[in-house]
Every structure is written in C-alpha cells, then in structure tokens.
Amino acid sequence: MNTESNTYWIYDTTISFENKTERSPKGAWHKHKFRHYGYFYQLLNMLDTEGFNVQNDPEVDKLIRKNYWIGKRGDLEFCAEKYPNGFKIQFFQNVVYENQNGGRYDFDKFRKMPYMIQLQYRKYMNQLIRLLKGITDVKDVSSRSPKLAEERIKCGYVESCHHEQKDTDFDLRILDGQTQPPYNGLDRDRKTIRNGEIKYFRGRDGYLRRGRVYHDLNNMWWVITDKYTTKKVAAFELFDLGPDDKRGRLAPLRIPPEYLEKKKTLEQSTTKELAAELRRRGLKVKFQ
C-alpha cells in the first residue's frame, strides 16, 4: 500500500503538483486516467471563472495539444501542462522581459513583474493553493526549491515525465556522456552534444559564456555557468570554441522600432499605394 502523500511546490512563479499516490499499470500510462488530471482541470476552471481567457496552447502540435493550456487576464498570463506524474502552472507577463521570445521564456519571472502584476500573481497563486488543498490531501514541499545549480537540474529531471528519476537522491554526474537523437542533440556545428560536456554560447547581451551541459526537454539544454546559476540554451546555440570565434562581445542585432513599423505598413499596403509612394520618391513605376 502506498503511504506517500501527493506533493506540490512553488518555484518562482510556477506551482508544480506531483501525484505520488497513484501509479498506472506498467506500459499503460497513456491510457490511464489519473486522478490529478481532474484536479488540473478544476484549477483551470477556477482561473477561467476569475476572468482568464483559457484555451489550449495553439503553438503546441495538435497530437499533444490537449495537455497544454494558456490563459491571459490583462497583463498577467499563464501556461500549464499535465503529464502522467503531475502537472504545473506557470505565470508570466510580457510588459517587462529580456528574452526576445517574451516573458514566458525569461528567468526570474517574479522579479521582472511590475508591482501591480506581482499583486495579481500572488492573489491567483494563493487561490490555486487553497483550491488544491480543498480537493485533495497534498503536502507543501516548497522548501526543497533548490539554490544550487545542480540541485535545480535534478529537480527538473524528477518533475519531468520524460526522465526516469523519481527523486533527487542521485548524482548528476551519472548522466555524463548520455546523448540525444540528432534532432535534439546536435550543436551549432552539427557535433553530438553529451551530458557533462563544457560548451560555449552567446548570452542575450552578446557576451561569450560557457558551462557544463545537461539535456532538458526537446532541443533545450541546461547549462551550469557557476555554482548557483543555470541557463536554458537551445542545442543549435551551443558550440565548441574555435579559432574563428570572436572572444569579445557581439552586439545583438537591434532593428529600430520605426523601421519595423514602416515595414509592417508597407506589407499591408495595396499595389496602388506602393506605386504612389515610389512616384512620390521620384522613381518611375511601370507595371506589366
């Protein structure tokens, strides 16, 4: 008989739930209807009732889209997913962010939130916790939120249904040397990436950085840059430093906003309007 309790923990703006009381028949996890799927949908329904526009994530492949959700209420957004051993809901915003792909992919999400959005986040996170505790017996293990880089990666392995680890009581170094299929495991120069290797990459600020790598999910890799810091970097952004690689900073490409706005306007213009603009500039226009 399983005497463990279900657990949840909060790290930055993410609440993660782990089903520790239920295991599906071996090899039949994809057909098993886990109880925590019901908890997950109850939490989403609550957010929907609170005014979030909740829907399946359109950026996820249709084959697995039913497991991935997004929601937005004003400037506060969330993404959520369920998997055989649990689920997670992560809040973010797109008002203040560093990652070029948006706040969803930033580190330190809470710290970057403007004050009023932080207050909204706290309100809805507290409501999620109250509801979760009301529908199931669950233990808060947030104290295990890791401070060290290696511990953070191990927690990520335990949380993910794509890795076999069930707890953090293992040495990360035992994964050294493991590889991934080519579509997830080749670096910039088409070299196979191995867990535990030292790889280089460019930060968003253009500076050269390096660290020890471990596979995360899909083509993303954890990079340990120091004792406390990890970065998530795509496989194609990793490389071995070569003689032709510049050691100094490479300024990221910055396209002036006014240029982007003008380009957008031109793309939406009709042929007649474009012809008139070219004539205004003194150019002869002749259409076939």
- Simple SL model, points at 7 angstrom along Cα→Cβ for Lys133 and Glu261; separation in nm is 4.9 nm
- Query: Residues of the range 181-218 with amide nitrogen under 13 Å from the 7 Å Cα-to-Cβ point of His162?
  - Reply: 181-186, 214-218
- State the extension gain, in nm to one decimal, for the chain segment bounded by Glu151 and Arg111, taking 0.36 nm per residue of separation less the distance between their alpha-carbons. 12.3 nm
- Message: Through the Karplus equation 6.51 cos²θ - 1.76 cosθ + 1.60, θ set to phi - 60°, convert the phi angles of the range 86-95 into ³J(HN,Hα) values in whole Hz; use x for Gly and Pro.
- Response: x, 7, 8, 10, 10, 9, 7, 9, 10, 8
- Message: Leaving ligands and nucleic acids out of the surface, order Arg111, Arg122 by accessible area at 1.4 Å, largest first.
- Response: Arg111, Arg122
- Give the ranking of Arg209, Arg194 by solvent-accessible surface, highest area first, calculated with a 1.4 Å probe. Arg194, Arg209
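Stokes-Einstein at 25 °C, 0.890 mPa s, Kirkwood radius from Cα pairs: D for the range 1-125 in µm² s⁻¹?
Details: Rh = 15.7 Å.
Diffusion coefficient, whole number: 157 µm²/s.
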- For the range 118-123, Karplus couplings with θ = phi - 60° (6.51, -1.76, 1.60), whole Hz, Gly/Pro x: 4, 5, 5, 4, 4, 4
- Please find the FRET efficiency linking Leu63 to Ala275, where r is the Cβ-Cβ separation and R0 is fixed at 41 Å, and quote it to the nearest 0.05. 0.35
- Please state, as a whole number in µm²/s, the translational diffusion coefficient that the Stokes-Einstein equation yields for the range 69-210 at 10 °C and 1.306 mPa s, with Rh defined as the Kirkwood radius across alpha carbon pairs. 87 µm²/s
- Message: List the residues, sorted by chain then number, that are 5 or more residues from Thr7 or on another chain and whose placed amide H is less than 5 Å from its amide H.
- Response: Glu18, Lys20, Lys139
- Karplus-derived 3J(HN,Hα) from phi for the range 240-248 (6.51 cos²θ - 1.76 cosθ + 1.60, θ = phi - 60°), whole Hz, x at Gly and Pro, runs 8, 5, x, x, 8, 7, 5, 7, x
- Rounded accessible area per residue of the range 55-166, 1.4 Å, Å²: 55 Å²
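The values are calculated or read from the model by the stated rules, or taken from the named source; none is laboratory data. Just so it is clear, the structure is predicted and the values come from calculations on it, not from any experiment. Neighbour counts run over all protein chains shown; Cβ positions are idealised from the backbone, glycine included. Heads up: the accessible areas ignore ligands, DNA and RNA and are worked out on the full protein's heavy atoms, side chains in. Shrake-Rupley method; radii C 1.70, N 1.55, O 1.52, S 1.80 Å.
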